[in-house]
Amino acid sequence: KKKVSAAWQPAILNNRQNGLGLVAITYLGVDYLRHLSPLWHGRLQPVLWTAFSIAIVLRVPFYKHWSTELRSALPFMFSLVFMLFALLLEAILVRFTTVVLGSDWHNAAQPLPDLGQWLLLALNEKLPQNVVNLLRARIIGLHHYLMLFVMLGFSVFFNCVESPGLGLGAKYMFTMGVGRLLRFGFVSTVLPSPRPWCVSSRYQIATYPHRWAQKYFVPYATDSNGAIRKVIHYDIAYADSGEYSVDYRPNWGSMNFLIDFLRPTASDGSSQWYHLLTTAKGGCNDLVYSGHMFVAVLTAMAWTEAYGGLTSILIWLLVFHSAQREIRERYHYTIDCLIAIYVGIFLWKIIGLFWPTKDASRKRRLNKLEKVLGRLMQAAKDSDMDRVKEILKEVELSGRDRQNPTSWAMTLFSCATIFCTITMVLLFFVLTSDG
């Protein structure tokens, strides 16, 4: 009885104390040494990564769930391609949103009032200095959250979380892609940056607006009052944009359609289009919602679902620490971080409703075992081992793969999302092209 019950307990209950949390904390602690003692950081970090790599290599030959991982390989590759597509499209639109109004607008536009930031500044005057220093400390960044998830995925080799690791990675990347697509709303309304100095220090872009903005953005009109009256009365595009220089247009071959989006200048136009995207780095105008916070929330949700325990609570505390730092250091407004937290939790839960479970066969076997437990116990009492083997074989057969109807829902949802994104890109291309 004890052997049968122990064999069918979820692995996550048996492996809660397998040290994954300690490894994660050690990684964050060693990496934080870069601020406290760069010398010790340079010594310990290579040792830590070497130890991680050796441990994984030694465990790979003893991993027993390769068949489950292989079944998750196709969704993993699809999710990877989908996420990369969403990130590439986001980078293009981030660049477009920054350069469309020109650097003059970014330098002159005043930041919006942010009560959350005012509250944090007020707390600086009320809290002890040690607490303020802790709130300001750069404990964790975007790359840390990504690495924490990678560690969570590789922990399947040590039975710390349920297999398949590729299945967990596929859900993470697919949710990331969907969240990035939903974030494209920042293109619709350009909000002033919390950092007015950002564009001047980061970009080389034209000072004057894009010709599309010259036509439709009334403040660029020579006679602003007259233009505003005509817009109100006739509801048509009207602006006398005056005389501006012609935008520089490099020869990018088949990718020339991106010129209007990336809007290169003569100094940086010699670079290929994808080199310009590396200078975006999140953009300079405010982007609703925060992409950094969205990644942090997805990592925390993945840890909570797959591992749980005190480590997950610690990661959530780090998420809120990152949120107040984003606000404190004017990378985002308070509302951006709040929406990112809501959307991250919501998307993870919603996608989890139709995403294939990490091991559907395990769940089917457990359900079947509950139904035949009475017969199994009776056979054990009668010492009928043939009957016990027959019942266990019946349970094992019930866990074989079946056609999962929810996978069709996932595929349809993915195709619809990609179709809407491509349509939006084509629409912006039409609006910003000549004629």
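Values for this structure:
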quantity	calculated
With every protein chain in place, the range 232-323: carbon and sulfur % of accessible area (1.4 Å)	60
Candidate residues THR26, THR98, THR278: accessible-area rank, largest first, probe 1.4 Å	THR278, THR26, THR98
Extension gain from LYS389 to TRP118, taking 0.36 nm per residue of separation minus the Cα-Cα distance	90.7 nm
Rounded accessible area per residue of the range 293-345, 1.4 Å, Å²	34
Sequence-distant residues sharing a close amide H with LEU191 (under 5 Å, placed H)	ASP286
Which listed pairs, of LYS64/LYS368; LYS215/LYS349; LYS64/LYS171; LYS349/LYS389, have C-alpha distances above 32 Å, in listed order	LYS215/LYS349; LYS349/LYS389
Spin-label zone in the range 326-345 - amide nitrogen under 20 Å from a point set 7 Å from the Cα of VAL131 along the C-beta vector	326-329
Per residue solvent-accessible surface (Å²) - the range 147-233, probe of 1.4 Å	41
Spacing of the two label points (7 Å from each Cα toward its C-beta) at PHE257 and GLN45, in nm	4.1
MET147-ARG211 FRET efficiency (beta carbon distance; Förster radius 56 Å; 0.05 resolution)	0.80
Nearest-20 debye value, the range 214-312 charge dipole, Cβ charges on Lys, Arg, Asp, Glu	40
Carbon plus sulfur fraction of accessible area for the range 62-208, probe 1.4 Å, in percent	69
Segment TYR32-TRP66, length gained on full extension (0.36 nm per residue, minus Cα span)	8.7 nm
FRET efficiency for ASN367 and VAL57, using Cβ-Cβ distance with R0 set to 35 Å, rounded to 0.05	0.45
Prolate/oblate/rounded label for the range 96-153 (Cα gyration tensor, a/c 1.5)	oblate
Accessible area of ILE25 in the full protein assembly, 1.4 Å probe (Å², nearest 10)	80
Burial order of peptide ranges 189-198, 150-159 (average beta-carbon count within 10 Å, highest first)	150-159, 189-198
Net +/- balance of residues flanking GLN45 in space, Cβ distance below 14 Å, scoring K and R +1, D and E -1	+1
Distance in nm between pseudo-label sites at TYR248 and GLU396 (7 Å out along the Cβ direction from Cα)	6.9
Protection-proxy order for peptides 170-182, 288-300, each taking the mean of Cβ atoms within 10 Å per residue, highest first	288-300, 170-182
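The values are calculated or read from the model by the stated rules, or taken from the named source; none is laboratory data. Quick caveat: nothing in here was measured; it's all calculated off a predicted structure. A quick note on method: Cβ atoms are made from the backbone with ideal geometry, for glycine too, and the neighbour counts reach across all protein chains shown. Side chains included, ligands, DNA and RNA excluded: accessible areas come from the protein's heavy atoms. Shrake-Rupley method; radii C 1.70, N 1.55, O 1.52, S 1.80 Å.
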